[in-house]
Amino acid sequence: MLRIARRTPHRVRDTKKHLRSKEFSVSAVLKASLALQASKLGFDCIGVTDPGAIAGAARHFREFLETSGHGDMDWLAANPERRTDPRVLWPGVRSVIMLGVNYGPDEDPLVILQQRTRGAISVYAQGDDYHDLIKKRLKALARWLVASSGCEVKVFVDTAAVMEKPLAQAAGLGWQGKHTNLVSQDFGSWLFLAAIFTSADLPRDAADTDHCGSCQACLDICPTAAFPAPYKLDARRCISYLTIESKGPIPREFRKAIGNRIYGCDDCLAVCPWNKFAEAGHEAKLTAREELRAPDLAALARLDDAAFRSLFAKSPVKRVGRDRFIRNVLIAIGNSNDRALAVEAERLLGDTSALVRGAAVWALSQLIGHAEFEALAADAIGTEGDDAVRAEWRRA
Ligand code: B12
Ligand code: SF4
Ligand code: SF4
């Protein structure tokens with residue numbers, strides 16, 4: 001792995017020196033030039049691995065699917081042979097180039113969790129959507145590679161059937177920690193990953209090894225006990241899955257534990273001791289927008305579809321849509337201990353979305369007295385047309 005962050009410019013200088021060295025083969029020169037180009041485009045680290053390098057991940061991936069760890073993410077279960085072997089996805093691939101972009105936060109993401117009338121949006125979603133930003137840069141880098149070597153390329157960031165974390169470990173960018181994300185000695189838990197598959201044969205980097213040792217801070221902090229064992233995640237229990245991926249009502253058993261997390265969760269990442277070597281990301285578009293650092297729950301609860309789209313334009317949050325987002329906000333309102341927020345939940349009992357109405361019932365049940373709630377329930381059950389919402393009234 002070549003770290004190409006600003007903090008170690010000597011690594012880039014070394015690369016230039018090597019470029020002039022006669023010892024370098026054509027492919028090594030190409031690889032070193034690629035690293036320089038990646039640096040210019042704003043990538044923070046780069047490594048190359050063999051397309052056959054993650055054969056071991058297939059067994060773990062199968063186990064994950066067999067135990068239904070993927071929940072409703074059917075897209076994750078589709079084509080497992082393609083996901084676990086880049087050569088099945090593209091038989092022409094000769095090298096896999098893995099890249100990282102540092103998105104380290106400029107404040108401790110755990111602090112906002114104490115402000116119960118504010119929503120906590122995970123670090124990765126407080127700025128512009130990284131998919132758009134990184135995809136543009138990946139394409140530019142890939143175009144450069146094609147122009148320089150005449151090779152073929154395919155680019156991926158997050159959404160394709162590619163196992164980016166094991167590939168990044170194989171390319172030496174870091175290791176998959178016990179929280180299952182890639183941890184880097186330079187950037188801690190805060191690296192976005194991206195890949196270029198190429199038909200060019202580039203020199204391989206050495207894989208990174210596990211540096212978790214006896215630490216298990218990430219496993220201990222998880223509010224919903226989502227790790228059945230170190231290095232294994234049950235996505236169905238993960239707040240990131242519950243608030244972003246899951247489309248229906250959030251299961252009751254997790255509602256309290258979600259606290260004020262309204263989009264994703266960073267607890268297991270934030271507590272990792274390797275973050276002490278990390279620094280804040282330097283990409284302005286990825287840094288937190290002021291209005292998304294600690295948004296007021298009452299204001300969020302009033303967003304209609306148009307206001308939601310406008311507030312979250314260019315943000316990854318927009319992909320969950322207004323109704324799912326308001327569902328999350330209502331769970332946070334229910335956990336706020338602030339009686340004044342009951343009025344927001346009460347207003348949303350009349351929302352057109354049954355998902356929102358159901359979450360509003362729960363939120364209200366957490367904030368108002370039993371007698372008051374029972375009186376509301378007696379009226380509402382007769383007029384509510386949705387079975388799931390009626391069930392919320394009965395169970396609350
Ligand atoms: C599906 C998915 C999710 C799901 C499932 C997460 C998961 N851990 O699988 C959900 C919605 C929960 C999720 C949440 C998050 N995600 Co996500 N997600 C993905 C996605 C699309 C696929 C991941 C995948 O293949 N999962 C399937 C499992 C089986 O694979 P795995 O985690 O690699 O599992 C390995 C280990 O379990 C290990 N293993 C299993 N048993 C054992 C036993 C031993 C002894 C050992 C050593 C290892 C081991 O082997 C498995 C195979 O390698 C990737 C993008 C991509 N295409 O890769 C992004 C990705 C992993 N997500 C990312 C991020 C940022 C997040 C969040 C931090 C977002 C947030 N703040 O809310 C959280 C983190 C939650 C967590 N602790 O993982 C980043 C992670 C970057 C990094 N540095 O690692 C990625 C890579 C996207 C990107 N391009 O940057 N995500
Ligand atoms: S992201 Fe949050 S809920 Fe998910 S595993 Fe990490 S600490 Fe647990
Ligand atoms: S918190 Fe500890 S166990 Fe978890 S990934 Fe970081 S070093 Fe590994």
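Readers should treat all values here as calculations from the given coordinates under stated rules, not as data from a laboratory. No experiment lies behind these values; they were computed from the predicted model shown. So basically every Cβ, Gly included, is an ideal-geometry build from the backbone, and we count neighbours across all protein chains shown.
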* Would you compute, from DSSP H runs of 4+ residues alone, the mean residue ellipticity of the chain at 222 nm, taking -39500 (n - 2.57) per run and dividing by the full residue count, rounded to the nearest 500? => -11500 deg cm²/dmol
* So, with +1 on the Cβ of K and R and -1 on the Cβ of D and E, and no other charges, what is the size of the charge dipole of the chain about its Cα centre, to the nearest 20 debye? -> 1460 debye
* Hey, what D do you get for segment 58-180 in µm²/s if you plug the Kirkwood alpha-carbon radius into Stokes-Einstein at 25 °C and 0.890 mPa s? -> 142 µm²/s
* **Relative pair counts by distance (%), Cα atoms of segment 175-334, 5 Å bins** => 1, 8, 15, 17, 17, 16, 13, 8, 3, 2, 1, 0
* Structure fact -> Cα-based Rg/(2.2 N^0.38 Å) for segment 32-84, rounded to two decimals, is 1.63
* Structure fact -> Final fewest-first order of Glu344, Glu279 on the 10 Å Cβ neighbour count is Glu279, Glu344
* What nm distance separates the two modelled labels at Ala340 and Ala371, each placed 7 Å from Cα along Cα→Cβ? -> 2.6 nm
* Would you mind giving the average projected area, over all directions, of the Cα convex hull of segment 296-396 in nm² with one decimal? => 6.1 nm²
* Globularity index of the chain, i.e. its alpha-carbon radius of gyration over 2.2 N^0.38 Å -> 1.09
* Structure fact -> Taking Lys and Arg as +1 and Asp and Glu as -1, residues besides Ala170 with C-beta under 9 Å from its C-beta add up to -2
* Structure fact -> In the chain the cysteines whose Cβ sits 4.7 Å or more from every other Cys Cβ are Cys45, Cys151, Cys212, Cys215, Cys222, Cys238, Cys265, Cys272
* Structure fact -> Treating only Lys and Arg (+1) and Asp and Glu (-1) as charged, each at its beta carbon, one finds that segment 159-235 has a dipole about its Cα centre, in Debye to the nearest 20, of 140 debye
* Asked: For Ala217 and Arg293, what does the FRET efficiency come to when R0 = 30 Å and r is the distance between their Cβ atoms, rounded to the nearest 0.05?
  -> 0.80
* Cα centroid separation, segment 335-381 to segment 175-214 (Å) -> 45 Å
* Asked: What net charge is computed for the residues neighbouring Gly321, neighbours being all others with C-beta under 13 Å from the C-beta of Gly321, Lys and Arg scored +1, Asp and Glu -1?
  -> +3
* Asked: In debye to the nearest 20, how big a dipole does segment 315-388 give about its Cα centre with +1 on each Lys and Arg Cβ and -1 on each Asp and Glu Cβ?
  -> 540 debye
* Asked: For the Cα atoms of the chain, what angle does the longest principal axis make with the long axis of helix 57-66, in degrees from 0 to 90, nearest 10?
  -> 20 degrees
* If we sort 65-77, 325-337, 215-227 on the protection proxy, mean other Cβ atoms within 10 Å, highest first, what's the order? -> 325-337, 215-227, 65-77
* Asked: Got the relative contact order for segment 296-396 handy, in percent, Cα pairs under 8 Å and 6 or more residues apart?
  -> 24 percent
* Structure fact -> With label points set 7 Å from each Cα along the Cα-to-Cβ direction at Ala147 and Met73, the distance between them in nm comes to 3.6 nm
* Folded to 0 to 90 degrees: helix 321-334 orientation relative to the chain principal axis, Cα -> 60 degrees
* To do: For segment 382-393, just list the computed ³J(HN,Hα) in residue order, Karplus coefficients 6.51, -1.76 and 1.60, θ = phi - 60°, integers in Hz, with x standing in for Gly and Pro.
  => x, 9, 5, x, 9, 4, 5, 6, 4, 5, 4, 4
* What's the extension gain from Ala280 to Thr352 if we count 0.36 nm per residue and subtract their Cα-Cα distance? -> 21.8 nm
* Residue farthest toward the positive end of the dipole of segment 343-396, with Cβ of Lys/Arg at +1 and Asp/Glu at -1: which of Val361, Ala375, Gly350? -> Val361
* To do: Mind giving me the FRET efficiency for Ala58 and Asp158? R0 is 22 Å, r the Cβ-Cβ distance, nearest 0.05 is fine.
  => 0.65
* Asked: Ordered by packing density, taken as the mean number of other Cβ atoms within 10 Å over each peptide's residues, highest first, how do 359-367, 28-36 rank?
  -> 359-367, 28-36
